[in-house]
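All remarks here apply to the structure that follows.
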Amino acid sequence: QLLFQLNLAARLSLLVPAAAAMGCSPSKGKAYAEETKKASPQNGGASANREMDKKAAREENKGYQQTMEFLSKVQLLKRLPKDQHPLLAAACIPVDFKAGTIIIKQGDSGSEFFVIKSGEASVLVSKDGGQAVKVATLKAGDYFGENALLRDEPRTATITADMPLTAFKITREKFQELGLNERLQFANRKAVGGGNRRVMDVKPPTPKTEQEKALITDALRKNQNLQTMVTLDDSRIKQMLDVFWKDTVAAGSEIITEGDLVADYFYIVQDGNFEIFVSEDDTNAKSAEDALSSEAKYVSTVNPGGSFGELALLYLVPRAATVKAKGNSTVWVIDRSNFKNILMKVSDDKIREYTRYLDRVELLNTLLAEEKKAMAQALVE
């Protein structure tokens, strides 16, 4: 409504001086207009055109207001000052995509940024020219394409519409003109970009005998760290049994190295023995040469039915000890992703509750809905 009034005022400001220059007062001009209206045989057509113009203006204004209302609810844009919202709305171009349409393609140069209004899209990433893998789903209110505009780099992922999708597009020119790269706080979304992700070696589950299932179940129940953190009910144990795979370890091999930040697996010993070594905690000052020449101290041995490696997976900390195979051994292995997904899984109701809490944290406003859901799933009371 405000835009329509401003537009009308601007037109009148141009007409009044022109009328005055011709010696016409407002009253004379009005009378002249009335006479012309009566005399013109084409008055009906002109009136219809004016009505069409007014209707078009009302529709345009309504669409503009709807765009403003939608953008004000997008988490990413909530930090943008209110007086900037009209400029942002004016820069938005509505675009529609059919299901299956590739909106942006990994490796291409980019000149547009998108905010999804309705529908869903898949984020696909291909590593080293391999087959593209789906890494995330984008929904209404989510956005994509910012990296190419922020850093002038190729698209880091392919975005494909999963269903009919409507979005608002902002060109690079408008993006920079509005200073969105400085005004908005974009999340560092490696999960969506996927360019430098480390890939774990996850093997298919190994068939298990009843004796092997009993050994794994007993090992899980005896692990004190797991018992402290989660409730190991029958359902969780069955899910873990379904994904463990069997692996062999040669004598003398270090299956875990103390201080290693790469902690991707939890182990249960089937056959053989593993020795655990920990660096001596010497609080006395010593030289660099002494530190390099010092040896790790043997602390214990893990026998069949024992387990190790859970701490680094539970707490995202470096490995606390070095674990070395004393002889040729066999272990059951589960990867970090399955390990955490099963043990830390919470109900859908809890996830929704946690997500509502996260929505109130201003620092997390730039996260995608799926990223907030993943964070909610990882929360522990």
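Just a few scattered comments:
- Remark on the stretch 215-260: ratio of C-alpha radius of gyration to 2.2 N^0.38 Å is 1.44.
- Remark: the Ala374-Thr301 segment gains 22.6 nm on full extension, using 0.36 nm per residue and subtracting the alpha carbon distance.
- Kirkwood Rh in Å, taken over all unlike Cα pairs in the stretch 118-165: 11.6
- Cα pair distances exceeding 19 angstrom across the stretch 69-174, given as percent: 44
- Against the criterion of solvent-accessible heavy-atom surface with a 1.4 angstrom probe, Arg336, Arg50, Arg360 sort, most first, into Arg360, Arg50, Arg336.
- Estimated inter-spin distance, Asp96 and Gln65, nm [label 7 Å along Cα→Cβ]: 2.3
- Area of Trp245 that stays accessible when all protein chains are in place (1.4 Å probe, Å², to 10): 10
- Exceeding the 27 Å Cα-Cα cut-off - candidates Lys238/Lys297; Lys203/Lys340; Lys208/Lys373; Lys62/Lys174: Lys238/Lys297; Lys208/Lys373
- Contour minus Cα-Cα distance for Thr137 and Val262 (0.36 nm per residue): 42.3 nm
- Proximal charge balance of Arg319 [Cβ under 15 Å; K/R count +1, D/E count -1]: -4
The values are calculated or read from the model by the stated rules, or taken from the named source; none is laboratory data. Being a predicted model, the structure only gives us computed values, none of them experimental. We place every Cβ from the backbone using ideal geometry, glycine too, and count neighbours over all the protein chains shown. Please note that ligands, DNA and RNA were not included when accessible areas were found on the heavy atoms of the full protein model with its side chains. Shrake-Rupley method; radii C 1.70, N 1.55, O 1.52, S 1.80 Å.
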